[in-house]
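Undergrad: One structure coming up, written as structure tokens, with questions to follow.
Every number here is computed from the coordinates shown, using simple stated rules; none is lab data. As the structure is a prediction and not an experimental result, all values here were calculated from the model.
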């Protein structure tokens with residue numbers, strides 16, 4: 001069990017790294033999925049920074065340093081994203097069907113990063 005608990009946060013960091021790479025180099029893949037159309041270079045820069053740079057930086061820090069505190073912080077961050085999605089269900093009128101995949105991804109990443117606390 002210790003081996004699984006050791007690797008789960010690293011798997012989460014790997015997935016976060018992939019999300020960051022896609023967001024950095026191909027942000028349109030994310031934006032088209034949610035119907036966001038950017039009109040200006042500043043908008044594209046913002047999308048690359050948020051979807052790409054932030055996720056890349058977090059993943060590199062987690063994988064490079066390997067500190068459990070970093071994995072915990074990332075788990076709490078993904079937990080905040082998951083909470084925001086539930087809030088959006090309640091107040092923005094987004095349908096459950098449109099929210100299932102993002103909830104599973106964000107909640108799954110939260111679990112992967114926090115698994116040492118939850119399972120250990």
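Undergrad: For segment 1-55, report the translational diffusion coefficient in µm²/s to the nearest whole number, using Stokes-Einstein at 20 °C, 1.002 mPa s, and a Kirkwood Rh over Cα pairs.
TA: Details: Rh = 12.2 Å.
Approximately 176 µm²/s, per Stokes-Einstein.
Undergrad: How much space per residue, in cubic angstrom, does the convex hull of the C-alpha atoms of segment 61-120 take up? Before the final figure, lay out the partial values.
TA: Values: hull volume 4.7 nm³, N = 60.
Taking the convex hull of the Cα positions in segment 61-120, it is 79 Å³ per residue.
Undergrad: Another question, then. Ignoring everything except DSSP H segments at least 4 long, calculate the 222 nm mean residue ellipticity for the chain; use -39,500 (n - 2.57) per segment, divide by total residues, nearest 500. Numbers along the way, then the final one.
TA: Working: 6 runs with 99 residues, N = 120.
It lands at -27500 deg cm²/dmol.
Undergrad: Right, another one. Once you have the alpha carbon radius of gyration of segment 17-84, what is it after dividing by 2.2 N^0.38 Å, with N set to its residue count? Please list the in-between numbers first.
TA: Working: Rg = 13.2 Å, N = 68, 2.2 N^0.38 = 10.9 Å.
Taking the Cα Rg and dividing by 2.2 N^0.38 Å, one obtains 1.21.
Undergrad: Let me have the relative contact order for segment 2-119, percent, based on Cα pairs under 8 Å that are six or more residues apart. Please report the intermediate quantities before stating the final value.
TA: Values: 111 pairs, mean separation 42.8, N = 118.
Contact order relative to length: 36 percent.
Undergrad: Please work out the Cα center distance from segment 28-44 to segment 89-120, rounded to the nearest Å.
TA: 23
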